[in-house]
Amino acid sequence: MATRNPAHVAHCQCGAVEISAWGQPIMVNACYCDDCQTAAQRLAASANSGRASSVDGGTEFMVFRRDRIACTRGADRLQAMRLTAPSKRRIPARARKRLVAPSHG
């Protein structure tokens, strides 16, 4: 992993969890599948959470190479969130809020 400053940093609202990525994403996109829309609705309904999808209903996400993205703070606070078998999202366990845009895989 690169040691220079990350190109992208995402964090939860309280700042306890932070994800850093180095370099440019492989892809930036929005997903409109039922699973992503349901996840966005659940996250938006949780306390103090902002909108988790764009105005048109898409859930935006970035894809990075595994060796170019890391949880740089609060990894112990993450938990997997699965609505259906093929999807997995990582969100702060205590806050129940979106950390980064959902990713499939």
Response to the item:
Considering segment 1-38, residues that are aliphatic (A, V, I, L, M) and at pLDDT below 80, and then whichever is farthest from CYS71 (Cα to Cα), we arrive at ALA2
Worksheet item: Consider PHE61 against the criteria (1) more than 26 Å from ASP76 (Cα to Cα); (2) assigned to a strand (DSSP E or B): it satisfies all of them except one. Which criterion is unmet?
Response: (1)
Worksheet item: In segment 71-88, what residues are part of a strand (DSSP E or B) and either under 12 Å from the mean Cα position of the chain (by Cα) or at pLDDT below 75 (or both)?
Response: CYS71, LEU78, GLN79, ALA80, MET81, SER87, LYS88
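The values are calculated or read from the model by the stated rules, or taken from the named source; none is laboratory data. Model, not experiment: these values are computed from the prediction.
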